[in-house]
Amino acid sequence: MSGLHIPIGTPDGSRTEHAENLLAPNPSAMTLDGTNTWVIGGDEVVVIDPGPEDESHLRRVRDHLGERRVTEILLTHGHFDHSGGARRFAEMVGAPVRALDPRHRLGEEGLDDGDVVGVAGLEIHVYGTPGHSFDSLCFWLPEDRAMLTGDTVLGRGTTIIARDGGLADYLRSLDRLRAAAEGLEARALLPGHGPVLPDPIAALDGYIAHRRQRLDQIRAARAQGARTPREIVKIVYADVDRSLWAAAEMSVVAQLDYLDRL
Ligand SMILES: [Zn+2]
């Protein structure tokens, strides 16, 4: 793709022709390098996920834009590391915030599957992709053949199913993204955390295979006698850093819920 740029070592400054990432300074085991704030457009821009409420980051984004007007702020979902700074950033640049969850909106307009947002002659197509959270959205940029995936697909590792998400929804969303990536000939996934993924089909196939594998492992752990989510985490996530076990437990709860409904 013309304009695809993936810096080595940091997602900051990753870009396609019309999308550019400004990394927020909130690294952690859960947020990888930090939250990716994506700026989409040309002489006018849409800002996707201002990130946490971090004044230095929000100012950096505003200063980076210079004279370019922000027409709208969009959220991939309502988790705090993506949405926490939205209200403050909206004040700074005088733009509305659109999100699926009405609690995260500022202004009249919502955001949902099938919406098309225009900016600087470009289109941003909204895909409803519940699962990581109930309100997760992905954004397709036809011009760049790039899909912004929020926390539905991360640039490294795998995502979790949060308490407000669900695995059945998540698996459907991955299948939908896989079909879209193939049908639309996507050339990059632009995630909410971590580096740009230049091979969308391979990334999505990896995610889908990983989910199936974890479900098989959980079935096997249960067959061995593990009962509580924590007992299952100890077996299935033995290879994962302990600082992530609480999050893993959340994923196990989601997976048990899914298996028990089959
Ligand atoms: Zn996140």
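The values are calculated or read from the model by the stated rules, or taken from the named source; none is laboratory data. Treat the numbers as computed from the prediction; the structure is a model and nothing was measured. Backbone-built Cβ (ideal geometry, glycine too); neighbour counts: all protein chains shown. Ligands, DNA and RNA are excluded from the accessible area calculation, which covers all protein heavy atoms including side chains. Shrake-Rupley method; radii C 1.70, N 1.55, O 1.52, S 1.80 Å.
Looking at (1) away from the ligand (no atom under 16 Å from the Cβ); (2) modelled with pLDDT of 95 or more, find the lone condition where Phe134 falls short.
(1)
I need the full set of residues from segment 168-194 which are open to solvent by 40 Å² or more (accessible area, probe 1.4 Å) and under 14 Å from the mean Cα position of the chain (by Cα), in order please.
none
When only residues in segment 65-83 that are open to solvent by 20 Å² or more (accessible area, probe 1.4 Å) and within 15 Å of the ligand (Cβ to nearest atom) count, which is nearest to Thr37 (Cα to Cα)?
Step one: list which residues in segment 65-83 are open to solvent by 20 Å² or more (accessible area, probe 1.4 Å), which gives 66-69, 71-72, 79-81.
Okay, now just the ones that are also within 15 Å of the ligand (Cβ to nearest atom), so 79-81.
Values: His79: 14, Phe80: 13, Asp81: 10 Å.
Per the stated criteria, the residue is Asp81.
Select from segment 202-220 the residues that are closer than 25 Å to Gly9 by Cβ and either more than 16 Å from the ligand (Cβ to nearest atom) or open to solvent by 30 Å² or more (accessible area, probe 1.4 Å) (or both) and list them in ascending order. Talk me through it step by step, then tell me what you get.
Initially, segment 202-220 is screened for residues closer than 25 Å to Gly9 by Cβ, giving 202-204, 206-207, 210.
Correct list: Ala202, Ala203, Leu204, Gly206, His210.
What's the number of the only condition in (1) surrounded by fewer than 17 Cβ atoms within 10 Å (Cβ to Cβ); (2) closer than 19 Å to Asp151 by Cβ that His5 fails to meet?
(2)
Return the residues of segment 5-53 that are of a type in the set (Gly, Ala, Ser) and within 14 Å of the ligand (Cβ to nearest atom); say none if nothing qualifies. Reasoning before the result, please.
To start, the set of residues in segment 5-53 that are of a type in the set (Gly, Ala, Ser) comprises 9, 13-14, 19, 24, 28-29, 34, 41-42, 51.
Within segment 5-53, Ala24, Ser28, Ala29, Gly34, Gly51 meet the criteria.
Suppose we keep only residues that are away from the ligand (no atom under 16 Å from the Cβ) and open to solvent by less than 10 Å² (accessible area, probe 1.4 Å) within segment 54-64. Which one would you say is farthest from Arg103 (Cα to Cα)?
Just the residues of segment 54-64 that are away from the ligand (no atom under 16 Å from the Cβ), to begin with: 55-56, 58-64.
From what's left, open to solvent by less than 10 Å² (accessible area, probe 1.4 Å): 58, 61.
Values: Leu58: 21, Val61: 24 Å.
Once the filter is applied, the top-ranked residue is Val61.
Can you list the strands (runs of 3 or more DSSP E) lying wholly within segment 41-144 that have 3 or more residues being in contact (Cβ under 8 Å) with a residue 40 or more places away in the chain?
Values: elements: 44-48, 69-74, 116-119, 122-128, 137-141.
Passing ranges, in order: 44-48, 69-74, 122-128, 137-141.
Within the group Ala90, Ala86, which residue is open to solvent by less than 20 Å² (accessible area, probe 1.4 Å), within 16 Å of the chain's Cα centre (by Cα) and at pLDDT 95 or above?
Numbers: Ala90 fails: within 16 Å of the chain's Cα centre (by Cα).
None of the others qualify; the one that does is Ala86.
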